[in-house]
Amino acid sequence: YGDLQMLQACSEVELNAQTMNGETPAYYSVRYGTPWCLQWLVEHGADTSSPAHDGLSPEKLISINNRNHNVEVEWLEAAMKGELTEKKNVQAQEYKLKRWRAEGLDALAEDLLDKKKLVQRWYSYKTGDYKMPYELPTFEETMEKSDLPRSQVPWPPAKGKPALPVALLFAGQGSQYVGMMKDCLNIPAVAEMLVKAEKVLGWDLKDLMLNGPESKLGETKYCQPAMFVAGLAGVEVMRQTKKEEVMRMQAVAGLSLGEYTAIAAADVMDFEDALELVKIRAIAMQAATEVVPQAMCSVAGLDRPTLDKLCKEAKAADANPTAVCQIANVLFPAGFTCAGDKTAIDTLCELARKGRALQARVIKAGGAFHTPLMKPAEEELSRAIDSKLSKMRPPKCAIYFNITGKKVNAGTDPKEFVDLMKRQLTNEVLWEQTVKQMIMDQVKDFYECGPLKQLKSMIKRIDQDAFKRTENMSV
């Protein structure tokens, strides 16, 4: 990530070492756009020509890699020749710092960061002439002043490799299609999951996904188990080529139903126990949709205050005094789904179109998910979650939950987050906030595991740089 001090601490062998994917330090410098590191490697005779397992050498990668902007490509080409001037070296570092600056900063913060470029370069990359406001003592000076003998207790063994800045994402209902998973049935772990799924569900999931019919696959009680298994199948597909990323992922997150797939991927529950919860959730939600006529609609092109106002108007215009009409999912900037009583949602669509929304249409979601109309399903699901609590384990990585948009750290006791799982059915899904928080928490690479590209298309509207670093593990 551009830290020259780390490179300077490496031996000659380490400067030319390859990862399991055949990638050298020079390859990484090109991939992540750090020309000052590439220049340093060239000057110190490091290997800049060996191709990785993808067949690309660092030199070829410069023109192919879509992570970098045009001006960064120019700087990398100059660095590869050892011709990056000191002026351009500084420009490259300042450009990278500004590019990865958090969005939405006010003018005062922007101005302060612009004035503190020298400090940022020192702390981020260990470059420049920044002088510390005070002198740090050397190791020898520290030991001379010590009034106790140095400890002879050996350091404890390492606890394993640190997490990679990787997040696995899982979609909810809407991404299913007849024929999904047909290309990954030969993976033993996937085949084993399908056998277990049939025993848990009591019906042939494999046959439904491969042969349909589409109308049945779209029903909530069938769709949710199918998407859950498909999401975990996507993880197994990813494991074939990116085992290290799967083993050392920093975080997981899922949209609506996908949250349960994320929880299973974080090893909180065994496959069978998690699928049983999904089965209960799906059946309970399907039953809740049949209590009163319900609907869900997609609205794009209106801001949150405007849409909240229109929801209130639609609710007030409904003959039912207890009618529900509210935002159910915050998907991306000016992109929402709303849910509630069918008549209120129909009214909302008309009001939104009159309010010049880019889109306002009823979708085939099955019901008013993530609203108070799901209260009967929430109560049934809560009892099921409580029954599984004793079998739950602390997550092996961070989990970002829908109703807060924030993470629960790895190692957290499940008792501290089961309430978030229960309340999800009757509360808004904050997907846009979740993605932004992951970016703020230094997640660099996103992998959408499962059918189609539903989440990637949303990320495109949330953050362009994150979109460029999002890859689909499609099934």
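The values are calculated or read from the model by the stated rules, or taken from the named source; none is laboratory data. All figures in this text were calculated on a predicted structure; none of them were measured in a lab. Note: ideal-geometry Cβ built from the backbone for every residue, glycine included; neighbour counts use all protein chains shown. Just the protein is used for accessible areas: all its heavy atoms, side chains included, with ligands, DNA and RNA removed. Shrake-Rupley method; radii C 1.70, N 1.55, O 1.52, S 1.80 Å.
Run the helix sum for the chain: -39,500 (n - 2.57) per DSSP H stretch of 4+ residues, divided by residue count, reported at 222 nm to the nearest 500 deg cm²/dmol.
That calculation yields -14000 deg cm²/dmol at 222 nm.
Please turn the phi angles of the range 47-53 into ³J(HN,Hα) values with the Karplus equation 6.51 cos²θ - 1.76 cosθ + 1.60 (θ = phi - 60°), one per residue in order, whole Hz, x for glycine and proline.
Coupling constants for the range 47-53: 6, 10, 10, 5, x, 7, 5 Hz.
What is the range 327-398 by shape, rounded, prolate or oblate, if you read a ≥ b ≥ c off the alpha carbon gyration tensor as root eigenvalues and call it rounded for a/c under 1.5, prolate for a/b larger than b/c, and oblate otherwise?
Judged from the Cα gyration tensor, the range 327-398 comes out oblate (a/c at least 1.5, b/c at or above a/b).
For the Cα atoms of the chain, what angle does the longest principal axis make with the long axis of helix 304-317, in degrees from 0 to 90, nearest 10?
10 degrees
Express the Stokes-Einstein translational diffusion coefficient of the chain in µm² s⁻¹, to the nearest whole number, given a Kirkwood radius over alpha-carbon pairs, 20 °C and a viscosity of 1.002 mPa s.
85 µm²/s
Kindly rank 92-99, 167-174, 135-142, 337-344 from highest to lowest mean number of other beta carbons found within 10 Å of each residue.
167-174, 337-344, 92-99, 135-142
Just give me a number: lysine pairs in the range 247-378, eight or more positions apart or cross-chain, with C-alpha atoms less than 30 Å apart.
For the range 247-378, qualifying lysine pairs total 20.
With θ set to phi - 60°, apply the Karplus curve 6.51 cos²θ - 1.76 cosθ + 1.60 along the range 180-185 and write out the HN-Hα couplings as whole Hz, x wherever there is a Gly or Pro.
These are the phi-based 3J(HN,Hα) values: 5, 6, 5, 8, 10, 5 Hz.
Helix 342-354 sits at what angle to the longest principal axis of the chain, using alpha carbons and giving 0 to 90 degrees rounded to 10?
50 degrees
Can you compute the modelled spin-label distance between LYS468 and SER49, with each label point 7 Å from Cα toward Cβ, in nm?
Going from the LYS468 label point to the SER49 one covers 2.9 nm.
Ignoring ligands, DNA and RNA, please state the percent of accessible area on the chain from carbon and sulfur, probe 1.4 Å.
Here carbon and sulfur together make up 52 percent of the probe-accessible area.
Give the accessible area for TYR177 in Å² (nearest 10); use a 1.4 Å probe, count only protein heavy atoms, and leave out ligands, DNA and RNA.
Accessible area, nearest 10 Å²: 70 Å².
What relative contact order, as a whole-number percentage, does the range 4-98 give when Cα pairs under 8 Å and 6 or more residues apart are counted?
Relative contact order here is 29 percent.
Among LEU56, ALA357, THR412, which residue has its Cα positioned farthest towards the positive end of the charge dipole of the chain, with +1 placed on the Cβ of Lys and Arg, -1 on the Cβ of Asp and Glu, and the dipole taken about the Cα centre?
My answer, from the dipole projection, is ALA357.
Averaging sequence separations of C-alpha pairs under 8 Å and six or more residues apart, then dividing by the length of the chain, give the relative contact order as a whole percent.
15 percent
Return the Rg/Rh value of the range 339-381, two decimal places, where both radii are evaluated on C-alpha atoms and Rh is the Kirkwood radius.
Ratio of gyration radius to Kirkwood radius for the range 339-381: 1.09.
Any chance you could give the angle, 0 to 90 degrees and rounded to 10, that helix 188-201 forms with the longest Cα principal axis of the chain?
30 degrees
Could you give each residue of the range 297-303 its phi-based ³J(HN,Hα) in whole Hz, using Karplus coefficients 6.51, -1.76, 1.60 with θ = phi - 60°, and x for Gly or Pro?
Whole-Hz 3J(HN,Hα) from phi for the range 297-303: 10, 9, 10, 10, x, 10, 7.
Rolling a 1.4 angstrom probe over the protein heavy atoms, how many square angstrom per residue are accessible across the chain?
It amounts to 50 Å² per residue over the chain.
Have a look at the DSSP beta bridges in the chain and tell me what percent are antiparallel, nearest 5.
55 percent
Could you compute the FRET efficiency for GLU14 and LYS115, with r as their C-beta to C-beta distance and R0 at 60 Å, rounded to 0.05?
E(calc), rounded to 0.05, equals 0.95.
5 Å is the cut-off here: which amide hydrogens, built 1.01 Å from N in the peptide plane, fall below it relative to ILE363, excluding neighbours closer than 5 in sequence?
Correct list: MET296, CYS297, SER298.
Could you tell me the accessible area of LEU455 in Å² (1.4 Å probe, neighbours in place), rounded to the nearest ten?
It works out to around 0 Å².
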